[in-house]
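First comes the structure, then the notes that go with it.
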């Protein structure tokens, strides 16, 4: 019987060793699984970052394009200069007001800040002079001098 007991004890020890070995294998497998899970999580984070990068780059490219268009539009706008009425139309507008008799009155009116029409130049002699249309303040303001009346 002693042999049976010894055999049983040996079998139990072998069984216990097998169980411990299986537990160690399971523990190693869990460690590998955790490592794999961590690796998968890292890959997912990288994929998420890679997915965000095209969105960020697209947004950045869009903003750069928008800024370029705004700058081009500003340059075009500033290059265009003011838009005033043609000389004859401006002259008709000034004479319809019949408010000014000389250049000094016009300049005084401009300096007071009364000019609110953006189509009428503040310095018509300069603007229309550059265009070769200026004939003088009397002509522009529609003032007829006494000498001219007597001549007619």
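If we scan segment 82-89, do we find a residue that is surrounded by fewer than 10 Cβ atoms within 10 Å (Cβ to Cβ) and at pLDDT below 90?
Yes, the conditions are met somewhere in segment 82-89.
Given the conditions (1) surrounded by 15 or more Cβ atoms within 10 Å (Cβ to Cβ); (2) under 46 Å from the mean Cα position of the chain (by Cα), which single one is not true for residue 142?
Only one criterion in (1) surrounded by 15 or more Cβ atoms within 10 Å (Cβ to Cβ); (2) under 46 Å from the mean Cα position of the chain (by Cα) is unmet by residue 142, namely (2).
Identify, from the list 142, 132, 81, the residue that is touching a helix residue (DSSP H, G or I) at 6+ places or on another chain (Cβ under 6 Å) and on the phi > 0 side of the Ramachandran plot.
Values: 132 fails: touching a helix residue (DSSP H, G or I) at 6+ places or on another chain (Cβ under 6 Å); 81 fails: touching a helix residue (DSSP H, G or I) at 6+ places or on another chain (Cβ under 6 Å).
None of the others qualify; the one that does is 142.
The values are calculated or read from the model by the stated rules, or taken from the named source; none is laboratory data. Nothing here was measured: the structure is a model prediction, and the numbers come from that model. We place every Cβ from the backbone using ideal geometry, glycine too, and count neighbours over all the protein chains shown.
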